[in-house]
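K.L.:
Starting off with a structure, shown below.
Every number in this text was worked out from the coordinates using simple rules, so none of it is lab data. Here the structure is a predicted model, which is why all the values come from computation and not from measurement. All Cβ positions, glycine included, derive from the backbone under ideal geometry; neighbour counts span all protein chains shown.
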Amino acid sequence: MSDDLLVQERRVALARWADKYTARFDRELTNGWPDLADRLRQQVAGLSWYELTVGPGPDFREKRIQPAVGAWVERYVQPIVEDADREFPESAQVGPGDLQGDVRADAPSGGALYATDVLKGMALPGGLLVGGGAVGMALTSATTWLIFATIEVNWPLLIAGLVVGTVLSWFGVISLAGLGAELQRRFENNLLLPLREAVIGTGTEQGGRRVPSLKDQLKRQVSDRAEAARRALERRGGP
Amino acid sequence: MIPFEVPDRFLAAVARGAVCRIGTTLRDRATGRIVAHLQETGLLQRLVSTGVSPAGLLLSVGQLTSSIVANVQLEQVKAMLSGLQLLTGASLAASVVGVGVSAAGFALVLRRLGNLERSLACVRREVLATRLAVERVDAQLAAAQRALVESLLERAEEAWVRFDAAAVWRQLDGPLDQAQRYWRGLVGGRAGGSILLDPRFTPEEAVAAYEATLTLAAARVQALLLLEEHAAALHHAREFHHWHEEAVQGLSPIDIAAARSAAVAEAEGVSEADARSRLLRTSQPFMDGVREVQLRVGHRPALIQTLIDRGIAGREYIEAVRDATDVPLVLLTPA
C-alpha cells in the first residue's frame, strides 16, 4: 500500500481533530461566558461595606476572584484541553521530536504572538494597571509538549488581577452613598464588556495591534498544532 | 464471476478490534494493511436515496439516518452497516460519492442533479456570472451543457438494454467531464476562494454545487469502467482526488460559520454571535461528512488499481454490484 494513501488518511485525521476542537472551544467558551460573568458579579456584589470603604485587600483576589475564575476555567476550558491532548497523538501519529520548534501561534497581523503580547493586550481601556505581581504570576511554563508547548497565560490569575485592578480604580471617585449600585454599574460597563471581548470576543487592541481573545488563541493553538503535525508528516513522507 | 467476499466474514474481526474500517477500506489494525475494499451495491444506493431531502445528502444526515433505521426491515442489513460504522451521520452523508465505485444508476444521478439544480435556481444570475467568469465558464453555455448531459444520462440508463450500449456510454464521457468541471469552477478552492465561504450563496446552494461535482465525478468513473477504460478511470480518480484535497483541506467548520455569520445576521435580524453559533451547528456535521468524503475519494484509485491487478472487467463489475439486492455491501480483497 502506498505511503501517499496513509499520509492522506493522517491528514484527514488531523483535520478532523482540528475541526472538532476549534468548534468545541468556540461553542463551549461562548456558552460558558454568562457563567463567568455571574461568578465575577457575585464576588463584586459580595464585597462588605468595610471592603467598599477601604478597598478589597489581597484576600479578595486570592480567596474570591481567583477561585471563581479558576473554577470556571476548570469547568469550561480544562476538559477540552485534556480531551484534545489525549486524542492528538492518535490523530497525528507523530512523536514530540517531529514537532519541536514548529509550533507557534501567529497573530492575524502576521507577527508572532507571544504571551507577553497577550498580557499587554489585556491592559484594558482606561489604562488600568494590572500590577506586576499579577502579571508575573500569570505566566507559567507548560509541562506538556502537546497543545501548550509554548509559555501559556494563566488566565485565572490574569483575570483575577484585572478584576481587582479595576475594582480598586473605582475607589476615591465614588461617594459612599449609593456605592453598591454605582459599583455594580461600573462593573458591568467598565469591566465585563472589555473582559468579554478579551475572553470570547474580538480580542483587545494594543499599540494598534489586535490581540486575539482567549477563545481565538485556543482555536489558533489547535489549528497551528494540526498544521505543524501535517507539515511534519509530509516532510517525513509517510507514517 | 466477480470474486466478492461477504462482509459477515470480517464483522467478527471488526467487533474484536483486529480490523477497522477507514473510509472504504477494511484495515488490519496492527499493520495498517488493506484487507478488503468495501463496495456498495444497488441496494445501499436505493436505501440512501429514500431519505434524501432536496438539499442533498450532506445536509440531510439526521433525516437520512432515521429514515434508514426506520425503513430497513432486514435486521441483517442494519447489523452489517452498523457493524462497519456506516450508519453514522458522516458515513451516510458521504454516500454522495458512494462506497467504492458508485453503484448509482445514471437515472438516479440525473434525479440527484435535478434536485441540486433546483437548489441553485434562485441564485442571482449576476452572482453566478461573476463567479464563473473567473473560471472562464459562461453561464449560458453551461445551461446548454446541462441539457446535453441530461439527455445523455437518460440514454446512458437506457443503454443497459441497447445493443450499442458502449457507443452511448462513450458519447457520455466528454460532456460528463465538462459538466463536472463547470461545477468544480463554481465550487472553487484554495486558489479561487471556496463557494462554501462565499456569503453570496446560501449554505444550501453551496452544498448543492459541491454535491453535483462529487456526483458527476463518481458517474464518470462508472462510465469509464463500463467502457473498460480502467487506466483512464484510474487517472480520473487520482486527478479528482487531487482537486478535492485542494478544495477542502483548508476549510473548517469555524471558517464556514465565520464567513457567513454577518450575512445571516443581516438577513434574519439576529445578532452575529447567534448567527455564528447556529451556523456552527450545521457546519460541523457537514465538515465531518466532507472529511469522510475525502477518505472515500482518496481510496477510489486503490480500488480501481485492484480491479486492474485482478483483471476484473469493468462492465461485469458494475453489473454485479448493481444487481446485488440482498446485501448493501460486498468486499473485494486486494490482489
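K.L.:
Quantify how strongly other chains surround peptide A:11-20 by giving the mean number of their Cβ atoms within 10 Å of each of its Cβ atoms. Each step should come with its number before you reach the end.
P.N.:
On the way: counts 5, 12, 3, 0, 9, 8, 0, 3, 11, 6.
Counting Cβ atoms of other protein chains within 10 Å of each residue's Cβ and averaging gives 6.
K.L.:
Quantify how much of the Cα-Cα distance distribution of region B:188-279 extends past 20 Å, in percent. Could the numbers behind the result be given before it?
P.N.:
Values: 2001 of 4186 pairs.
Value for region B:188-279: 48 percent of Cα pairs lie more than 20 Å apart.
K.L.:
Using the per-residue mean of other Cβ atoms lying within 10 Å as a proxy for protection, in what order, highest first, do the peptides B:324-331, A:10-17 fall? Write out the running numbers ahead of the final one.
P.N.:
Details: B:324-331: 19.5, A:10-17: 21.2.
The densest-packed peptide leads the list: A:10-17, B:324-331.
K.L.:
Then there is this: What's the center-to-center distance, using Cα atoms, between region A:214-236 and region B:18-32 in Å?
P.N.:
Region A:214-236 and region B:18-32 have Cα centres spaced 26 Å from each other.
K.L.:
Right, next: Let me check against my output: what whole-number percent is the relative contact order of region B:260-335, with C-alpha pairs under 8 Å and at least 6 apart? If you can, show how the numbers build up before the last one.
P.N.:
Values: 24 pairs, mean separation 14.1, N = 76.
This gives 19 percent for region B:260-335.
K.L.:
Calculate the mean, over all residues of peptide B:27-40, of how many other protein chain Cβ atoms lie within 10 angstrom of the residue's Cβ. Please list the in-between numbers first.
P.N.:
On the way: counts 3, 0, 0, 0, 1, 5, 1, 2, 0, 0, 0, 0, 0, 0.
For this peptide, the per-residue mean of nearby foreign Cβ atoms is 1.
K.L.:
Under 12 Å Cα-Cα from A:Lys215, which aspartates and glutamates qualify once same-chain neighbours fewer than 8 residues away are excluded?
P.N.:
Leaving aside aspartates and glutamates fewer than 8 places away in the same chain, those within reach of A:Lys215 are A:Asp26, A:Glu28, A:Glu197.
K.L.:
What is the diffusion coefficient of region B:235-335 in µm²/s, taking the Kirkwood radius over Cα pairs and the Stokes-Einstein relation at 25 °C with a viscosity of 0.890 mPa s? Intermediate values should be presented prior to the final figure.
P.N.:
Details: Rh = 16.8 Å.
It diffuses with D of about 146 µm²/s by this estimate.
K.L.:
Right, next: Taking amide H atoms as placed 1.01 Å from N in the peptide plane, list the residues 5 or more away in sequence, or in a different chain, whose amide H sits under 5 Å from that of B:Val19.
P.N.:
B:Val14, B:Arg29
K.L.:
Determine, for each peptide in B:265-274, B:98-107, B:226-235, the mean count of other beta carbons within 10 angstrom over its residues, then list the peptides with the highest first. Walk me through the numbers before you get to the answer.
P.N.:
Values: B:265-274: 12.4, B:98-107: 24.6, B:226-235: 18.5.
Most protected by this proxy first, the peptides run B:98-107, B:226-235, B:265-274.
K.L.:
Right, next: Under 19 Å Cα to Cα from B:Lys78, which aspartates and glutamates show up? Leave out anything in the same chain fewer than 8 places away.
P.N.:
Qualifying aspartates and glutamates at Cα under 19 Å: B:Glu5, B:Asp8, B:Glu40, B:Asp326.
K.L.:
Then there is this: Counting partner chain Cβ atoms within 10 Å of every residue's Cβ in B:175-187, what's the average?
P.N.:
Details: counts 0, 0, 0, 0, 0, 0, 0, 0, 0, 0, 0, 0, 0.
Mean inter-chain Cβ contacts per residue within 10 Å come to 0.
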